[in-house]
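*Asks:* Following this message is one structure expressed as structure tokens.
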Amino acid sequence: MDFAGTRHGVPWRVVTSAGILLAFVLGTGAGAADVRAPVSTEKAIEQVAKRLIDWLADPSPDAAKALRERVRAGVPPRALLELLDRYRAAPRAEVLDVVKSLTGYRRIDVRARALAAWAATDAKQAELAIAAAARDVVPSIRKLAVALAKQYPSEAAEIVIDELLARDEALAAEVDGAKP
Amino acid sequence: MIARLLVTFALAVLGLSGCARTLPAHADVHGNFLAAVNEGDPARMRRHAPEAGGALVVLVERTRVVAIDPIHARVRWTLPVVVTGHPVASASTVYLPVRGQQLVAIDRKTGIERFHTQLPGEALTGLAVSEPWIVATVLDPAKHGPAQILGISTDDGDVRWQRRAQARLGIPDVVGSVAVLPIGDQVTALRLDTGREVARLDVAAARDRDVALERVTHRGGMWFVGSDTRWVRLGVPGSRGDAEQLSRAYAQAFRTVDGVDAGHGDDERLRLWLRMSNIDTTPRDAILLSRRAVVALRLDNEGLPIRARWVHVEDKGELVAMEVVDDRVVLVREDGAIVQLSDDDGRVVDRVAGDEPVRGALIIGAPPRPHGNLRRADDPDVLADLHALLLEPDPRLLPAQRLAADLLWRQDEPRVRASVRDLAHGRLRSDDAPETLVLRDHAIELTGTRWGSGSSADVEAVVAELRKRPAFGEDGSDGFAGSIRAALRTGRPSVVHELTALLLHPGTSAEDLVEIVDALAVLQDPSAVDGVATFVRRYHADESIVKESPVLFAATRLLLAHAEGDARESSEARAVLRAVADDPLCEPHLRAVIATGLRALPAVRDRGDTNVLATQ
């Protein structure tokens with residue numbers, strides 16, 4: 001869908017999937033996740049991430065259940081990020097509830113990845129994910145909403161973004177500034 | 001429509017004929033709702049009180065009546081009569097229903113008999129006096145109908161008129177030139193001089209809301225009819241009677257007679273006195289007499305106890321009668337002693353020693369003030385007194401103790417409310433006596449209701465504020481600290497749900513998270529465990545969240561506080577803490593705190609804890 005001609009017109013069309021990555025970087029901020037843990041911990045985190053990804057790839061209900069329970073029990077953010085990236089690449093609707101639960105995570109990077117993964121599920125879920133991102137208190141996540149709307153265009157998404165940019169002057173200015 | 005017109009007409013007749021006038025001789029009736037009535041101009045009545053001989057306490061003993069001047073501690077007169085019903089008094093005369101179906105009129109000052117009258121009925125239902133008339137309702141011996149109404153002259157005791165009624169009659173009241181009394185599910189107004197019916201009102205609430213119409217009373221220009229703790233306010237055109245009741249029935253506000261006035265009885269040792277507002281019909285003050293204890297309190301606009309004014313507990317003997325006379329609360333003890341308290345702060349103003357056991361008493365004097373002394377503070381020790389009352393093992397004090405728990409729960413200070421939680425959890429009064437169990441059940445029930453002094457609207461406003469979630473474009477950019485503190489002062493259990501939802505919301509600021517967990521720790525509500533456990537579990541392996549604020553440590557301590565005990569929530573708290581501490585990826589400092597806390601717990605039963613986690 002071409003958003004040219006909407007109230008904000010072309011400017012935010014320039015936000016591409018690269019913009020999503022940018023939003024992730026902004027969202028990550030100075031999070032302590034970058035502080036490397038001791039080697040043994042690193043290894044343990046890798047193992048958890050691998051297990052999560054294995055469960056995600058396994059189509060059995062038992063694997064979905066195991067994934068759900070493990071995430072609920074609390075997982076280091078780095079493992080969650082890997083899980084969410086994998087989900088975004090190959091969405092699996094049976095564990096969408098896990099992804100959606102992570103959109104309530106306090107860390108911005110986890111939340112942003114979860115929203116992007118949610119949007120990747122299907123067109124309807126993308127609309128919901130964009131609406132959720134547009135309501136977030138963090139500017140970089142709202143910026144992600146714009147990027148997701150570009151990536152998964154729909155009439156509903158267009159309305160959400162129009163309303164967002166009408167209220168969020170800073171984001172609107174940023175989007176206008178990105179005009180070629 | 002026609003019914004409404006009739007009701008409006010009837011009320012208009014009632015108002016025109018009686019409501020607008022008050023005879024100065026109209027007197028209080030002992031120990032019942034009427035006694036709280038502020039008829040007409042209280043200041044004027046107070047001025048006339050000395051002319052009528054001042055305050056008088058008529059002690060009803062088994063075979064005699066003794067009138068005592070409580071101010072000078074002097075016996076005014078003594079009469080050898082057996083009183084069978086509740087006496088009434090005018091400014092000059094005391095009327096005693098005595099054995100043999102007789103009504104005796106005694107001069108209030110001298111004790112000399114003015115006349116006596118033989119009542120035609122088998123048993124007296126009720127009396128009301130407004131000189132020159134006494135109205136009595138009696139059971140009809142002739143079986144022509146269930147009851148009779150008599151109009152008796154106070155000049156000579158002659159029965160000047162009598163009417164038969166086809167339905168049960170209640171206790172009448174007389175104001176101006178009319179007598180008003182319940183008759184079945186209706187209220188009728190009769191002319192005092194002829195007994196002719198001038199109005200009759202169908203009280204729908206009697207049927208619709210199951211209000212027994214046992215007595216009528218008039219106060220402050222308003223008519224009430226009802227019994228026990230429920231009454232109907234008459235006089236709102238078209239309302240067909242608006243039933244009201246004290247939300248928690250501590251004691252009778254209306255005396256119940258069920259057709260026969262059996263005289264002073266045991267039930268009068270538990271009585272609620274109400275001081276109605278002179279603006280609307282809501283009670284403003286109340287005093288509960290409960291055997292040995294007296295608790296004075298303020299009521300909120302919804303008729304609920306909101307603040308204790310003072311507490312008085314008699315060490316020796318039960319109290320059989322209570323009346324508010326001007327600025328004093330006059331109490332009569334079962335041994336005949338008279339105790340007078342200040343209405344303002346409950347301090348003992350005077351005591352008169354007793355002699356013979358008494359069954360009840362009629363306390364006559366100036367009417368109570370229309371409101372308490374607004375400038376004088378409550379008894380500063382009242383909270384300590386309420387707490388001490390809760391600890392009394394005397395089962396007779398149970399009604400007062402229930403009220404004390406209610407009053408403590410309405411305090412804004414969580415530290416004060418903690419005693420009700422202690423009571424609910426058996427930390428206060430840990431014995432298993434039947435009365436303790438009843439009180440504990442009451443405290444458990446209470447902790448599931450709203451707390452603090454706020455009104456229902458205040459509580460709704462607090463909950464509505466907490467229901468908001470941080471979101472772009474929404475109000476609340478200033479955070480939730482104000483709303484959280486307001487919820488600590490006044491709120492209801494759903495506040496806990498809103499607080500835990502805010503705790504788990506990603507947009508809640510770190511400062512608010514700390515406020516939330518602190519508030520949940522103060523509220524001590526076990527229903528917070530689920531949300532707090534989710535929070536700890538979700539972030540225990542996230543170093544950035546652990547370092548963001550002290551909230552994870554505070555949440556951990558809160559779970560540890562709930563981890564003791566056998567409740568499901570305690571089991572869940574233990575299971576989550578163990579799981580988190582066993583996770584090698586748990587942030588090390590957090591794990592250390594949890595491990596230390598778990599070790600400090602009493603030897604716990606951990607068999608079922610894992611199951612709790614698994615079933616979630």
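*Asks:* Please report, ordered by residue number, the helices (runs of 4 or more DSSP H) entirely within segment B:491-559 with at least 1 residues that are among the small types (Gly, Ala, Ser), more than 14 Å from every other protein chain (Cβ to nearest Cβ) and within 38 Å of the chain's Cα centre (by Cα).
*Replies:* B:494-504, B:510-523
*Asks:* Limited to segment B:307-320, what total is found for residues that are assigned to a strand (DSSP E or B) and either free of Cβ contacts under 8 Å to residues at least 12 places away in the same chain or not hydrophobic (A, V, I, L, M, F, W, C) (or both)?
*Replies:* 3
*Asks:* Also, I was wondering about something else. If a residue must be surrounded by fewer than 21 Cβ atoms within 10 Å (Cβ to Cβ), hydrophobic (A, V, I, L, M, F, W, C) and within 14 Å of chain B (Cβ to nearest Cβ), how many such residues does segment A:49-91 contain?
*Replies:* Of the residues in segment A:49-91, 3 are surrounded by fewer than 21 Cβ atoms within 10 Å (Cβ to Cβ), hydrophobic (A, V, I, L, M, F, W, C) and within 14 Å of chain B (Cβ to nearest Cβ).
*Asks:* Identify all residues within segment B:381-421 that are of a type in the set (A, V, I, L, M, F, W, C) and within 17 Å of B:Leu299 (Cβ to Cβ); write none if there are none.
*Replies:* If the condition is that a residue be of a type in the set (A, V, I, L, M, F, W, C) and within 17 Å of B:Leu299 (Cβ to Cβ), then B:Val382, B:Leu386, B:Ala400, B:Leu403, B:Ala404, B:Ala405, B:Leu407, B:Leu408, B:Trp409 are the ones that fit.
*Asks:* OK, next. Quick one: in segment A:170-180, of everything that is among the hydrophobic types (A, V, I, L, M, F, W, C) and surrounded by fewer than 21 Cβ atoms within 10 Å (Cβ to Cβ), which residue is modelled with the lowest pLDDT?
*Replies:* Within segment A:170-180, the match that is modelled with the lowest pLDDT is A:Ala178.
For (1) in a loop (DSSP other than H, G, I, E, B); (2) in contact with an Asp or Glu (Cβ under 7 Å, 6 or more places away or on another chain); (3) not charged (D, E, K, R), each residue gets a yes or a no:
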{"residue": "B:Leu389", "(1), (2), (3)": "no, no, yes"}
{"residue": "B:Pro393", "(1), (2), (3)": "yes, no, yes"}
{"residue": "B:Leu398", "(1), (2), (3)": "no, yes, yes"}
{"residue": "B:Leu408", "(1), (2), (3)": "no, no, yes"}
{"residue": "B:Val416", "(1), (2), (3)": "no, no, yes"}
{"residue": "B:Val420", "(1), (2), (3)": "no, no, yes"}
{"residue": "B:Leu423", "(1), (2), (3)": "no, no, yes"}
{"residue": "B:Arg427", "(1), (2), (3)": "yes, no, no"}
{"residue": "B:Ser430", "(1), (2), (3)": "yes, no, yes"}
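*Asks:* Here's a follow-up. Do any residues in segment A:120-135 that are closer than 22 Å to B:His505 by Cβ have Cβ atoms under 7 Å from those of residues that are basic (Lys, Arg) and crowded, with 20+ Cβ neighbours inside 10 Å, where the two are at least six apart or on different chains, and which pairs are they?
*Replies:* A:Ala133/A:Arg142; A:Ala134/A:Arg142
*Asks:* Among (1) among the hydroxyl-bearing types (Ser, Thr, Tyr); (2) closer than 23 Å to B:Val81 by Cα; (3) in contact with a Ser or Thr (Cβ under 8 Å, 6 or more places away or on another chain), where does B:Ser130 come up short?
*Replies:* Every listed condition holds for B:Ser130 apart from (2).
*Asks:* Let me ask something additional. Name the residue that is modelled with the lowest pLDDT, counting only residues in segment B:587-613 that are in a loop (DSSP other than H, G, I, E, B) and among the small types (Gly, Ala, Ser).
*Replies:* Residue satisfying both the conditions and the ranking: B:Gly608.
*Asks:* Additional query: Limited to segment B:78-124, what total is found for residues that are of a type outside the set (Gly, Ala, Ser) and in contact with a helix residue (DSSP H, G or I) (Cβ under 8 Å, 6 or more places away or on another chain)?
*Replies:* 0
*Asks:* Related question: Determine which single condition B:Asp478 fails, assuming it passes every other condition in (1) surrounded by fewer than 17 Cβ atoms within 10 Å (Cβ to Cβ); (2) at pLDDT 95 or above; (3) under 25 Å from B:Glu515 (Cα atoms); (4) charged (D, E, K, R).
*Replies:* The number of the failed condition is (2).
*Asks:* If you check B:Asp158, B:Asp107, which single one turns out to be surrounded by fewer than 17 Cβ atoms within 10 Å (Cβ to Cβ), more than 30 Å from B:Pro70 (Cβ to Cβ) and not polar (S, T, N, Q)?
*Replies:* None of the other options fit; the residue is B:Asp158.
*Asks:* Out of B:Ala199, B:Ala204, I need the residue that is of a type outside the set (S, T, N, Q) and either within 29 Å of B:Val98 (Cβ to Cβ) or in contact with a strand residue (DSSP E or B) (Cβ under 8 Å, 6 or more places away or on another chain) (or both). Which one?
*Replies:* Values: B:Ala204 fails: either within 29 Å of B:Val98 (Cβ to Cβ) or in contact with a strand residue (DSSP E or B) (Cβ under 8 Å, 6 or more places away or on another chain) (or both).
One residue alone meets the criteria, B:Ala199.
*Asks:* Which residues, counting only those in segment B:59-109, are outside any strand (DSSP E or B), farther than 20 Å from B:Gly265 by Cα and of a type outside the set (Gly, Ala, Ser)?
*Replies:* B:Pro70, B:Ile71, B:His72, B:Arg108, B:Lys109
This table checks each residue for (1) free of Cβ contacts under 8 Å to residues at least 24 places away in the same chain; (2) of a type in the set (D, E, K, R); (3) in contact with a Leu (Cβ under 6 Å, 6 or more places away or on another chain).
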residue	(1), (2), (3)
B:Thr508	no, no, yes
B:Val514	no, no, no
B:Ala521	no, no, yes
B:Ala541	no, no, yes
B:Ser544	yes, no, no
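*Asks:* Can you name the residue in segment B:567-581 that is touching a Lys or Arg at 6+ places or on another chain (Cβ under 9 Å) and over 19 Å from B:Ala521 (Cα atoms) and, of all such residues, is farthest from the other protein chains (Cβ to nearest Cβ)?
*Replies:* Taking the candidates together, the pick is B:Ala581.
*Asks:* Within segment B:295-306, can you find the residues that are free of Cβ contacts under 8 Å to residues at least 60 places away in the same chain and among the aliphatic types (A, V, I, L, M)?
*Replies:* B:Ala296, B:Leu299 - these are the residues of segment B:295-306 that are free of Cβ contacts under 8 Å to residues at least 60 places away in the same chain and among the aliphatic types (A, V, I, L, M).
*Asks:* In segment B:115-143, how many are buried (at least 18 other Cβ atoms within 10 Å of the Cβ) and part of a strand (DSSP E or B)?
*Replies:* Total satisfying the criteria: 15.
*Asks:* Which ranges mark the strands (runs of 3 or more DSSP E) fully within segment B:224-306 that have 1 or more residues being at pLDDT 80 or above and under 17 Å from the mean Cα position of the chain (by Cα)? Before you say what the answer is, go through the steps one by one.
*Replies:* Values: elements: B:230-234, B:242-245, B:270-276, B:283-290, B:293-299.
Filter on segment B:224-306 gives B:270-276, B:283-290, B:293-299.
*Asks:* Please find, among B:Val332, B:Val349, the residue that is part of a strand (DSSP E or B) and free of Cβ contacts under 8 Å to residues at least 40 places away in the same chain.
*Replies:* Just one listed residue meets the conditions, B:Val349.
*Asks:* Hey, another quick one. Looking at segment A:80-89, can you tell me whether even one residue there is under 27 Å from B:Ser509 (Cβ atoms) and under 11 Å from the mean Cα position of the chain (by Cα)?
*Replies:* Yes, because at least one residue in segment A:80-89 is under 27 Å from B:Ser509 (Cβ atoms) and under 11 Å from the mean Cα position of the chain (by Cα).
*Asks:* So, one more: Taking only segment B:382-433 into account, find how many residues are among the hydroxyl-bearing types (Ser, Thr, Tyr) and crowded, with 21+ Cβ neighbours inside 10 Å.
*Replies:* Adding up the residues that qualify gives 1.
The values are calculated or read from the model by the stated rules, or taken from the named source; none is laboratory data. Model, not experiment: these values are computed from the prediction. Cβ coordinates were reconstructed from backbone atoms using ideal geometry, including for glycine residues, and neighbour counts include every protein chain displayed.
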